[in-house]
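Here is the structure we will look at.
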Amino acid sequence: VRLGKGRPRPLSAGTLFTYGPGVAQRIRTAEDEPLGKYFIDFAGSRARRLLDEAGLAPGSIVTLGPTGEVREAFELLLRLALDRDPHT
């Protein structure tokens, strides 16, 4: 991944990166190991402040710990999104 004008950084399981207005992003994958990714769009007047407070301002790249729980959380979000109720 390359964020903004920064140098390219390798991605691996558990890499989290953020981008937003003013931070271009480019993602490339290897042919022999296609990239899979989950993503969340944050919107609204408080989104930027909350991401900043979490240390995830646009242009951040962090490596998470064990990825099993993170993957489970994303899979749960996807299942809940299919419920089509007022809270989705």
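The values are calculated or read from the model by the stated rules, or taken from the named source; none is laboratory data. Values in this document were obtained by computation on a predicted structure and should not be read as measured data. Note that we place each Cβ from the backbone using ideal geometry, even for glycine, and neighbour counts take in every protein chain shown. Surface accessibility is based on the protein's heavy atoms, side chains included, excluding ligands, DNA and RNA. Shrake-Rupley method; radii C 1.70, N 1.55, O 1.52, S 1.80 Å.
Are any residues in the stretch 29-48 of a type in the set (Lys, Arg) and more than 23 Å from Lys5 (Cα to Cα), and if so, which ones?
Within the stretch 29-48, just Arg46 meets the criteria.
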Unique match (being without any contact (Cβ under 8 Å) to a residue 60 or more places away in the chain, within 14 Å of the chain's Cα centre (by Cα) and exposed (fewer than 11 other Cβ atoms within 10 Å of the Cβ)) among Gly44, Gly55, Gly68: Gly55
Selection within the stretch 6-41 - open to solvent by 100 Å² or more (accessible area, probe 1.4 Å), over 22 Å from Gly68 (Cα atoms) and in a strand (DSSP E or B): Arg26
Residues (among the small types (Gly, Ala, Ser) and over 23 Å from Lys5 (Cβ atoms)) located in the stretch 49-65: Ala54, Gly65
Residue list for the stretch 71-88, restricted to those being touching a Ser or Thr at 6+ places or on another chain (Cβ under 9 Å) and open to solvent by 70 Å² or more (accessible area, probe 1.4 Å): Leu80, Leu82
